[in-house]
Amino acid sequence: MNEWVVTNEAWVRSLCFFSILVVMMIWEGVKPKRQRLHTRLLRWTNNLGLVFFNSLVVRLILPLATVGVAQFAQQHEWGLFNQIQLHPIWVVVLTVVLFDMAIYWQHRLFHVVPVLWRLHKMHHVDQDIDVTTGSRFHPVEIILSLLIKFALVLLLGPSLLAVMLFEIILNGTAMFNHANVALPKKLDGVLRPWLVTPDMHRVHHSTILRESNSNYGFNLSVWDRLFGSYIAQPSLGHDGMHIGVRGYNNPKQIQILPGMLYLPFARVLPDQEVDNLGPNEGNGTKR
């Protein structure tokens, strides 16, 4: 199994990514939740262009993927799961749950620490939220996130299959819960106690600080409820809410790839100072 994962991990993940991407794009076209502010051509070409750019940068800087780190940990018997006897299914389940909790806290950290917020802000300035937003992250943030996952792999020592499945689930759920789809209320009610739904995560992209400082989860919804960061619905409703970050309205800065990449290093304008401190600062008092 390990040899199969190492040999096929890249194309399996790519196949899953593009399959889910296409399905969600079609769903958005058939039954969208919100009206778009910008054209698909503008947003999709730049957001997906960022995905390819990030893939190239990561391969050049960190050629070893999380599966490779898991293989190294297994060979050297590093990590908790390499020290105790657990059924492989339990290793997969615990890996997905523990990694998902770690990603939740990583996400909160990127909102709290000012220098990390400057990187993560590129994800939030998108004024439309759809399936491509789920992969819209600055390359430096992607690298930092990978390093955190590398550390988790070395600490826990999960199986290669568990790591590959977690990465597929993380990518898939991120695209699903960022999608601009009108999920039926009954289905949202069934899924939400377990999984982060589009209506749940959309609250996190509100320009209102209290709301953007909530619903950090990407996959399991339990973490927001457990750690006190859950908000059920946006105060202005899903049709009336404003998405993005206050003060960032220039398409060249927020929708064009070169401007997006330079955004964390751009000069801070007076009306953007609160936003550059991160959504935790001010707690909504200046909105």
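The values are calculated or read from the model by the stated rules, or taken from the named source; none is laboratory data. Here the structure is a predicted model, which is why all the values come from computation and not from measurement. Cβ atoms come from the backbone with ideal geometry, glycine included; neighbour counts cover every protein chain shown. We work out accessible area using only protein heavy atoms, side chains counted, and drop any ligands, DNA or RNA first. Shrake-Rupley method; radii C 1.70, N 1.55, O 1.52, S 1.80 Å.
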Please specify each residue of the stretch 219-231 satisfying the condition of being surrounded by 17 or more Cβ atoms within 10 Å (Cβ to Cβ) and over 16 Å from the mean Cα position of the chain (by Cα).
222, 229, 230, 231
Applying the selection to the stretch 76-123, what residues are assigned to a helix (DSSP H, G or I), open to solvent by 80 Å² or more (accessible area, probe 1.4 Å) and of a type in the set (Phe, Trp, Tyr)?
90, 105
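Conditions tested, residue by residue: (1) small (Gly, Ala, Ser); (2) at positive phi; (3) under 14 Å from the mean Cα position of the chain (by Cα).
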{"site": "134", "(1), (2), (3)": "yes, no, yes"}
{"site": "143", "(1), (2), (3)": "no, no, yes"}
{"site": "146", "(1), (2), (3)": "no, no, yes"}
{"site": "153", "(1), (2), (3)": "no, no, no"}
{"site": "157", "(1), (2), (3)": "yes, yes, no"}
{"site": "162", "(1), (2), (3)": "yes, no, no"}
{"site": "166", "(1), (2), (3)": "no, no, yes"}
Starting from residues that are aliphatic (A, V, I, L, M) and not in a helix (DSSP H, G or I), keep the ones in the stretch 55-74 and report whichever is nearest to residue 179 (Cα to Cα).
65
Only listed residue being out of contact with any helix residue (DSSP H, G or I) (no Cβ under 6 Å at 6 or more places or on another chain), without any contact (Cβ under 8 Å) to a residue 12 or more places away in the chain and of a type outside the set (Lys, Arg), chosen from 112, 97, 93:
93
Using the structure shown, decide if residue 44 is touching a Ser or Thr at 6+ places or on another chain (Cβ under 6 Å) and surrounded by 14 or more Cβ atoms within 10 Å (Cβ to Cβ).
yes
Filter the stretch 260-287 for residues that are among the small types (Gly, Ala, Ser) and open to solvent by 20 Å² or more (accessible area, probe 1.4 Å); which is modelled with the highest pLDDT?
282
Taking residue 61, is it closer than 17 Å to residue 166 by Cα and open to solvent by 70 Å² or more (accessible area, probe 1.4 Å)?
no
List every residue pair whose Cβ atoms sit under 6 Å apart, with the two residues 6 or more apart in sequence or on different chains, where the first one lies in the stretch 35-54 and is under 14 Å from residue 21 (Cα atoms) and part of a helix (DSSP H, G or I) and the second, anywhere, is open to solvent by 20 Å² or more (accessible area, probe 1.4 Å) and hydroxyl-bearing (Ser, Thr, Tyr).
51/135
Given the condition open to solvent by 60 Å² or more (accessible area, probe 1.4 Å), under 19 Å from residue 192 (Cβ atoms) and within 20 Å of the chain's Cα centre (by Cα), answer yes or no: does some residue in the stretch 232-248 qualify?
yes
Residues in the stretch 104-144 that are out of contact with any His (no Cβ under 8 Å at 6 or more places or on another chain) and of a type in the set (Asp, Glu) total 0
Restricting to the stretch 181-218, give me the number of residues that are of a type outside the set (A, V, I, L, M) and open to solvent by 10 Å² or more (accessible area, probe 1.4 Å).
13
Some residue of the stretch 14-21 being β-branched (Val, Ile, Thr) and closer than 13 Å to residue 176 by Cβ:
yes
Can you name every residue in the stretch 228-251 that is within 18 Å of residue 123 (Cβ to Cβ) and free of Cβ contacts under 8 Å to residues at least 12 places away in the same chain?
250
